[in-house]
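Participant: First the structure, which I've put down as structure tokens, then a few questions once you've had a look.
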């Protein structure tokens with residue numbers, strides 16, 4: 001804590017984990033959102049009056065209009081996330097607004113969730129749990145609740161950043177052979193023994209399992225569409241822990257219904273917290289409510305990284321993780 005941070009007025013749009021919230025209130029001139037409800041544009045602009053910084057989350061959309069209307073006092077936007085697709089970065093740069101995120105600290109938690117989605121989908125875990133909870137579990141049968149092995153299968157990863165690399169390391173524990181598609185080929189020391197494919201069309205026919213761990217960009221929007229699904233082997237298993245719009249819902253739902261895709265594990269959805277309700281009726285869809293970073297350790301680390309960015313800005317130091 002410094003004299004600069006004490007007088008640095010900061011709005012936090014959501015309540016943070018207890019330890020982070022305590023630091024926030026002790027270290028800064030804090031404007032908390034004690035109701036912990038997602039703020040609309042009108043509320044953000046009202047609460048940000050006189051603030052020099054804002055700690056936001058993906059539940060608030062800082063589009064070009066909102067950024068243009070922010071009080072002139074606001075200098076930095078520190079998002080409690082790695083992804084910045086809820087922020088118009090071009091508008092922020094045009095306004096001279098610093099944007100910082102929280103990379104690195106959620107890599108392991110999200111990679112664990114990716115494996116959970118792959119394994120939960122492959123073993124039809126959600127459908128099996130539903131049968132149990134609804135009292136429909138009868139005598140053991142050789143034909144019931146059958147999934148597929150992950151062990152020894154072929155895994156393709158789309159997006160070989162920190163999270164993709166961590167997924168590749170974990171996949172080794174299942175004896176999987178790993179491939180990846182990325183904007184560029186990685187140095188051997190970062191590739192985790194995975195084989196690089198510059199063209200998705202060459203990788204997808206070999207993927208028994210497919211993990212989407214890429215950022216959402218114009219190039220990855222609806223990356224997994226009907227055309228690419230056709231290239232996958234019949235009965236492939238798909239997991240998405242990236243962003244919902246990386247998947248074209250109509251195409252994936254059709255493939256799940258037809259059996260072209262045996263199962264899908266999804267932690268993210270287009271329009272969340274709303275989602276395409278057709279997923280809810282699919283027994284071969286393993287669904288999670290965007291819990292990729294939801295561990296105490298990870299959320300504390302994310303919150304502290306966001307506050308570190310604000311503190312560095314207040315002190316005139318380099319930001320630990322600036323993106324704009």
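The values are calculated or read from the model by the stated rules, or taken from the named source; none is laboratory data. Source: prediction; values computed, not measured. Cβ coordinates were reconstructed from backbone atoms using ideal geometry, including for glycine residues, and neighbour counts include every protein chain displayed.
Participant: I need the full set of residues from the range 291-315 which are touching a helix residue (DSSP H, G or I) at 6+ places or on another chain (Cβ under 7 Å) and either on the phi > 0 side of the Ramachandran plot or not in a loop (DSSP other than H, G, I, E, B) (or both), in order please.
Facilitator: If the condition is that a residue be touching a helix residue (DSSP H, G or I) at 6+ places or on another chain (Cβ under 7 Å) and either on the phi > 0 side of the Ramachandran plot or not in a loop (DSSP other than H, G, I, E, B) (or both), then 298, 300, 303, 304, 307, 311, 314, 315 are the ones that fit.
Participant: Among the residues of the range 61-86, count how many are under 20 Å from residue 17 (Cβ atoms), modelled with pLDDT of 95 or more and out of contact with any strand residue (DSSP E or B) (no Cβ under 9 Å at 6 or more places or on another chain).
Facilitator: Within the range 61-86, residues that are under 20 Å from residue 17 (Cβ atoms), modelled with pLDDT of 95 or more and out of contact with any strand residue (DSSP E or B) (no Cβ under 9 Å at 6 or more places or on another chain) number 0.
Participant: Quick one: which residue in 89, 77 is free of Cβ contacts under 8 Å to residues at least 60 places away in the same chain and under 29 Å from residue 268 (Cβ atoms)?
Facilitator: Values: 89 fails: free of Cβ contacts under 8 Å to residues at least 60 places away in the same chain.
Exactly one of 89, 77 is free of Cβ contacts under 8 Å to residues at least 60 places away in the same chain and under 29 Å from residue 268 (Cβ atoms), namely 77.
Participant: Continuing with this model, one more query. Quick check, is residue 233 within 19 Å of residue 113 (Cα to Cα) and surrounded by fewer than 19 Cβ atoms within 10 Å (Cβ to Cβ)?
Facilitator: no
Participant: Separate question: Anything in the range 285-296 that is touching a residue at least 24 places away in the same chain (Cβ under 8 Å) and closer than 24 Å to residue 164 by Cβ? List them, or say none.
Facilitator: 285, 286, 287, 288, 291, 292, 293, 294, 295
Participant: For a quick check of your reading: which helices (runs of 4 or more DSSP H) sit entirely within the range 100-182 and have at least 2 residues that are within 25 Å of the chain's Cα centre (by Cα) and crowded, with 21+ Cβ neighbours inside 10 Å?
Facilitator: The helices (runs of 4 or more DSSP H) meeting that bar are 107-122, 162-172.
Participant: With respect to residue 7, is the statement that it is surrounded by fewer than 16 Cβ atoms within 10 Å (Cβ to Cβ), in contact (Cβ under 8 Å) with a residue 12 or more places away in the chain and in contact with a strand residue (DSSP E or B) (Cβ under 8 Å, 6 or more places away or on another chain) true? Even if it seems obvious, please write down each step before you answer.
Facilitator: On the way: surrounded by fewer than 16 Cβ atoms within 10 Å (Cβ to Cβ): yes; in contact (Cβ under 8 Å) with a residue 12 or more places away in the chain: yes; in contact with a strand residue (DSSP E or B) (Cβ under 8 Å, 6 or more places away or on another chain): yes.
Yes; evaluated as a whole, the condition is true for this residue.
Participant: Inside the range 259-274, can you point out the residues that are touching a residue at least 24 places away in the same chain (Cβ under 8 Å) and farther than 28 Å from residue 149 by Cα?
Facilitator: Once the filter is applied, which keeps residues that are touching a residue at least 24 places away in the same chain (Cβ under 8 Å) and farther than 28 Å from residue 149 by Cα, the range 259-274 yields 270, 271, 272.
Yes/no matrix, rows are residues, columns are (1) on the phi > 0 side of the Ramachandran plot; (2) in contact with a strand residue (DSSP E or B) (Cβ under 9 Å, 6 or more places away or on another chain):
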site: 88; (1), (2): no, yes
site: 93; (1), (2): no, yes
site: 104; (1), (2): yes, no
site: 110; (1), (2): no, no
site: 120; (1), (2): no, yes
site: 139; (1), (2): no, no
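Participant: On the given criteria, is residue 319 part of a loop (DSSP other than H, G, I, E, B), in contact (Cβ under 8 Å) with a residue 40 or more places away in the chain and either exposed (fewer than 15 other Cβ atoms within 10 Å of the Cβ) or in contact with a strand residue (DSSP E or B) (Cβ under 6 Å, 6 or more places away or on another chain) (or both)?
Facilitator: Against the criterion (part of a loop (DSSP other than H, G, I, E, B), in contact (Cβ under 8 Å) with a residue 40 or more places away in the chain and either exposed (fewer than 15 other Cβ atoms within 10 Å of the Cβ) or in contact with a strand residue (DSSP E or B) (Cβ under 6 Å, 6 or more places away or on another chain) (or both)), residue 319 qualifies.
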